[in-house]
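No lab work stands behind these numbers, since they all come straight from the coordinates. All figures in this text were calculated on a predicted structure; none of them were measured in a lab. We place every Cβ from the backbone using ideal geometry, glycine too, and count neighbours over all the protein chains shown.
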Amino acid sequence: MNLDFDVSKHSDQIIAWLTVNGIDLLMALLILLVGIWFARRVRDAAQGTLEKREVDILLSNFVGNVVFYVLVLTVLIAALGQLGVDTTSFIAIVGTLGLAIGLAVKDNLANFASGVVLILARPFTVGDYISVAGVSGTVKNVTLGNTVLSTPDNQKIIVPNTKITGDVITNATANNTRRIDLLIGIGYGDDIAKAKSVVQGLLEAESRVLDDPAYTVAVSELGDSSVNLVVRPWVKTEDYWGARFDLTERIKLALDENGISIPFPQRDIHIVSGGES
């Protein structure tokens, strides 16, 4: 088999083609470069306008990306048309390839569709702390395929969007206020009214506890080894964990100072010795 390549012959052909089509090639490249630059400017302008109108960042990013890719595709078709390519056939080929690729990556397309649903429905946004699909974390980004979460210990979790739209979503930071639920057990021999007064005093002194809605301190149940009090103050969402940790510690110390016990489960074992037979 003769694998010799006639460089001079092909060079002549290339030069001849460039002589005839060189201007069209330069114009096509110019259309492509200017078009991509213009598409980026339009995308940035669209995102900036939406953000100024306080549109959710996920929706503004989605709209910007859609605008960008539509314009880039339009510019590519225009550049090919400048080179004399039959764009009608090109569009048909692109459509056929799109169908074939779609059948091959149907799972990715499902994630894409779910991403569109998440961006338009907006059950959460960047910065929200959510629990979904068995994981929890702060939303860092939502793409058309995945949602990226960051856990409190700084792990990165990537969740396919279909897992999210098909599951229950708990958004812990969707509202401005949250209720802290504490269960405090005191001994059966302790003064319930005194214990409630001690806890109420701590809540009144805590600046992060809101006046409205009002807090609750009440007996919830008579447990096996303790009288259980529910302590339910309301705080701003951003103060939730700090207030919860501080109140838990302060309630324990205050009850100790006032001689009120916090019992723990225990068992009394009675050993009965049998007489000699």
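Here are a few things to note about the model shown:
- Of all residues in the range 162-201, those satisfying the criterion of being polar (S, T, N, Q) and touching a strand residue (DSSP E or B) at 6+ places or on another chain (Cβ under 6 Å) are Thr170, Asn171, Thr173, Thr177, Gln200.
- Contact map, the range 24-49: first residue more than 14 Å from Phe68 (Cα to Cα), second residue surrounded by fewer than 17 Cβ atoms within 10 Å (Cβ to Cβ), Cβ cut-off under 6 Å, separation 6 or more or different chains; pairs are Asp24/Leu83; Ala28/Leu83; Ile31/Ala78.
- Selection from the range 178-222 of residues that are more than 37 Å from the chain's Cα centre (by Cα) and either assigned to a loop (DSSP other than H, G, I, E, B) or acidic (Asp, Glu) (or both): Gly187, Tyr188, Gly189, Asp190, Asp191, Glu221
- Taking the conditions (1) exposed (fewer than 13 other Cβ atoms within 10 Å of the Cβ); (2) small (Gly, Ala, Ser); (3) touching a residue at least 40 places away in the same chain (Cβ under 8 Å) in turn, Gly242 satisfies each one other than (3).
- Residue in the range 142-158 that is out of contact with any Ser or Thr (no Cβ under 6 Å at 6 or more places or on another chain) and of a type in the set (Gly, Ala, Ser) present: yes
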